[in-house]
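K.L.:
To start, I am sharing the structure in question, which I have written as structure tokens.
All of the numbers you see were taken from the coordinates with simple rules; none came from a lab. Being a predicted model, the structure only gives us computed values, none of them experimental. Cβ placement follows ideal geometry from the backbone for every residue including glycine, while neighbour counts extend to all protein chains displayed.
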Amino acid sequence: MNDAIHIIDQFFWSEEEGVMLESFAQDWSGVEAYRGANSNMHATEAFLALADVTGDNRWLDRALRIVERVIHTHAATNQFMVIEHFDAHWQPLLGYNEDNPADGFRPYGITPGHGFEWARLVLHLEAARLRAGLATPDWLLSDAEGLFASACEYAWAVDGAPASSTPWTGTNAPWCASACTGPTPKPAQPPRPCSSAPASCITKPGTGASGSFAKPTLSTVSTAVGTTNSAHTTNPAATSGAASRTCTMPGKRFCCLRYR
């Protein structure tokens, strides 16, 4: 962990920009003239873990700076659709990889599940900062709500078929919502009441060395709110890797996601 922190501090963290830099040559020269939302999303995730393990609040401050730039500055002005690619001056590159849309790390267009994932991370950050007694902007909650609603509106498809990105057309694209799960620290204030409407659960098929996906089948599952719904699940025999299930909280059930 200390070695990783040293590398982050010495090379990847840009105090001037308040974000993580993307990549270097093997000798740590020639920082790439590209900034990515994906790497900074996972850096936010890592910083939340580091804050939890070390008790050092600088990781929560760094996470807040990342979220402020990627989400509050850019996604919030783009109907909360997360812009993934930027140049070195943080100008959006909306056409990035248009000629290679299936790139495994930098796909063209929107990556729908990242809206769900960012929403969960933003709420995690809000709860962690409240718990640590740090200044916590009100916009963290409203931005998380915007991200979640936007991902549901522009990216949700009921067939649950695996997909990772969609062009900047505003059309729906299928996505599996396991990105919105994850541990969240206990809030510093009581949770708000939620409606009793049932949640729905889906399974995100795993992939193995072959990259194959399971074919979703319909089955009955028990949800987090104690109700039973029909949902897409994965036939284990058809997969080459592990599958994970999660519950989505559509509409006004969003506040339940906030305090799970």
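K.L.:
Sequence gap at least 6, Cα distance under 8 Å: using those rules, report the relative contact order of region 1-132 to the nearest whole percent.
P.N.:
Worked out over region 1-132, it gives 20 percent.
K.L.:
What translational diffusion coefficient, to the nearest whole µm²/s, does region 21-74 have by Stokes-Einstein, given a Kirkwood radius computed over alpha-carbon pairs, a temperature of 4 °C and 1.567 mPa s viscosity?
P.N.:
On the way: Rh = 12.1 Å.
Answer from the Stokes-Einstein relation: 107 µm²/s.
K.L.:
Could you pull out the GluC sites (Glu not before Pro) across region 95-134 that fall in loop regions by DSSP (anything but H, G, I, E, B) with no more than 12 other Cβ atoms inside 10 Å?
P.N.:
Sparse-neighbourhood loop GluC sites (Glu not before Pro): E98.
K.L.:
If you take every residue apart from M81 with its C-beta less than 13 Å away from the C-beta of M81, what net charge results, scoring Lys and Arg +1 and Asp and Glu -1?
P.N.:
Values: positive: none; negative: E84, D143, E153.
Residues near M81 contribute -3 overall.
K.L.:
Also, I was wondering about something else. Go from 0 up to the bin containing the longest alpha carbon distance in region 1-114, width 10 Å each, and give me the % of pairs per bin.
P.N.:
Here the calculated profile for region 1-114 is 13, 44, 34, 9, 0.
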